[in-house]
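Data first, discussion second: the structure below is written as structure tokens.
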Amino acid sequence: MMKNLYRGEVLYLIASPLDHVEAYRYFEDGGLAVVDGKIVEAGPFEAMRSRYPDFPVTDYSGKLITPGFIDSHIHFSQSEIQGMYGKQLLDWLDEYTFPAEEASLPWNMHKISLAFS
């Protein structure tokens, strides 16, 4: 069994911030207990340390730990085509993605990107 206690500034959501003002939990000196790659618990570091005394500690003090985010990035130029019928990847890129990205860039930026492709 692999286990670890990560120390740092821990921030995570418990509800949609669109629906609740206090939809998050933040611990300036926080702990995140992980067993076999799964989050077990999060809270103030000292409380977590006393609950999990045998867990090795990885210290990220001064760094923000945000558990639960899974591929949260977005390509803004593609936001209008998300969820469109995709066919095969290359067809989808040629027919939807590349035209959407080209339309969102000034022409000079497009020419620069072509120089590096």
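Within region 1-41, if we keep just the residues that are over 16 Å from Ile65 (Cα atoms) and part of a strand (DSSP E or B), the residue that is nearest to the chain's Cα centre (by Cα) turns out to be Val35. If the condition is being under 21 Å from Ile14 (Cβ atoms) and among the small types (Gly, Ala, Ser), then region 38-72 contributes Ala42, Gly43, Ala47, Gly68, Ser72.
Within region 42-85, how many residues are of a type outside the set (Gly, Ala, Ser), assigned to a helix (DSSP H, G or I) and at pLDDT 95 or above? Spell out the reasoning first.
Keep residues of region 42-85 that are of a type outside the set (Gly, Ala, Ser), which gives 44-46, 48-49, 51-60, 63-67, 69-71, 73-76, 78, 80-82, 84-85.
Subset that is assigned to a helix (DSSP H, G or I): 45-46, 48-49, 51, 76, 78, 80-81.
Cutting the leftovers down to at pLDDT 95 or above gives us 45-46, 48-49, 51.
Count: 5.
For region 96-105, the condition of being modelled with pLDDT under 70, surrounded by 10 or more Cβ atoms within 10 Å (Cβ to Cβ) and not hydrophobic (A, V, I, L, M, F, W, C) holds for at least one residue.
So which residues in region 1-28 are among the acidic types (Asp, Glu) and surrounded by fewer than 13 Cβ atoms within 10 Å (Cβ to Cβ), if there are any at all? Passing the criteria: Asp19, Glu22, Glu28.
Does Asp91 satisfy the condition of being modelled with pLDDT of 95 or more, surrounded by fewer than 12 Cβ atoms within 10 Å (Cβ to Cβ) and either assigned to a loop (DSSP other than H, G, I, E, B) or over 25 Å from the mean Cα position of the chain (by Cα) (or both)? For Asp91, the condition - modelled with pLDDT of 95 or more, surrounded by fewer than 12 Cβ atoms within 10 Å (Cβ to Cβ) and either assigned to a loop (DSSP other than H, G, I, E, B) or over 25 Å from the mean Cα position of the chain (by Cα) (or both) - is not met.
The values are calculated or read from the model by the stated rules, or taken from the named source; none is laboratory data. Predicted, not measured: the structure shown is a model, and the values here were computed from it. Backbone-built Cβ (ideal geometry, glycine too); neighbour counts: all protein chains shown.
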